[in-house]
1. Counting only residues that are touching a residue at least 60 places away in the same chain (Cβ under 8 Å) and more than 22 Å from Ala121 (Cα to Cα), which one in segment 133-161 is farthest from the chain's Cα centre (by Cα)?
2. Regarding Glu76, is this residue modelled with pLDDT under 95, out of contact with any Lys or Arg (no Cβ under 6 Å at 6 or more places or on another chain) and among the acidic types (Asp, Glu)?
3. Which of the residues belonging to segment 88-112 are modelled with pLDDT under 95, assigned to a helix (DSSP H, G or I) and surrounded by 11 or more Cβ atoms within 10 Å (Cβ to Cβ)?
4. Keeping to segment 116-140, report how many residues are buried (at least 17 other Cβ atoms within 10 Å of the Cβ) and either of a type in the set (Lys, Arg) or in a helix (DSSP H, G or I) (or both).
Amino acid sequence: MAATRGLAYFPAMATDAGSDLPPHAPLGAQLREWRRRRHQSQLALALQAGVSQRHLSFVESGRAQPSRDMVLHLAEQLDVPLRERNRMLVAAGFAPVYPERPLDDPALGPARRAVERVLEAHEPYPALAIDRHWTLVAANRALAPLLAGVALMLLEPPVNVLRLSLHPDGLAPRIANLAQRTTISAELAEHAEPPRATAADVVGRSSKRNEP
């Protein structure tokens, strides 16, 4: 953990435990997975995207080769994160279009400073920043007192904020509306990116441990 301007920065570490799809899954499998995560039937997506269900079925089965614009259009309808849209493009035979940089990239300096200002502005109240997998990236000084008494194993990087919040050895005993919080967290987890240990799995495991 590194500190700067009163903020705590946590080392970025991949959490590659478990994946809904193999690394090089075909486009059809990725579309079906995102439809499942968004609770969309094939017909519903076809109507929303303005294409025939037959064509969408052919795309998912691999019998039709979609254009680059069609891949991006379907991804937009499913609210697929940009990183995963790149993955879909590659699976369809196209080059990625969305650049990706690490947080410490000099080009992201203005973005980091913006995050710092937001976190600092919340003091004396705790505030934190997370990545797409709910991994803790940065926090202001007010977070430390809130974590007093939390099991050390939950604070070892990478720190998963959902696990920290819902684990019985974490913040769960301090949350008055824990049941409601667990439900909301599960819904939010549905919009997390699928590769890596899913946030939904973290919520599920923590919920079971909190049952009387």
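1. Here the residue is Pro157.
2. Considered against the rule, which asks whether it is modelled with pLDDT under 95, out of contact with any Lys or Arg (no Cβ under 6 Å at 6 or more places or on another chain) and among the acidic types (Asp, Glu), Glu76 comes out as no.
3. Correct list: Leu108, Ala111, Arg112.
4. Residues flagged as buried (at least 17 other Cβ atoms within 10 Å of the Cβ) and either of a type in the set (Lys, Arg) or in a helix (DSSP H, G or I) (or both) within segment 116-140 amount to 2.
Let's see how each residue does on (1) free of Cβ contacts under 8 Å to residues at least 60 places away in the same chain; (2) of a type in the set (S, T, N, Q); (3) more than 27 Å from Leu147 (Cβ to Cβ):
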site	(1), (2), (3)
Gln40	yes, yes, yes
Gln48	yes, yes, yes
His73	yes, no, yes
Val80	yes, no, yes
Leu89	yes, no, yes
Ala121	yes, no, no
Asp131	no, no, no
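The values are calculated or read from the model by the stated rules, or taken from the named source; none is laboratory data. Because the structure is a prediction, the values reported are computed rather than measured. Note: ideal-geometry Cβ built from the backbone for every residue, glycine included; neighbour counts use all protein chains shown.
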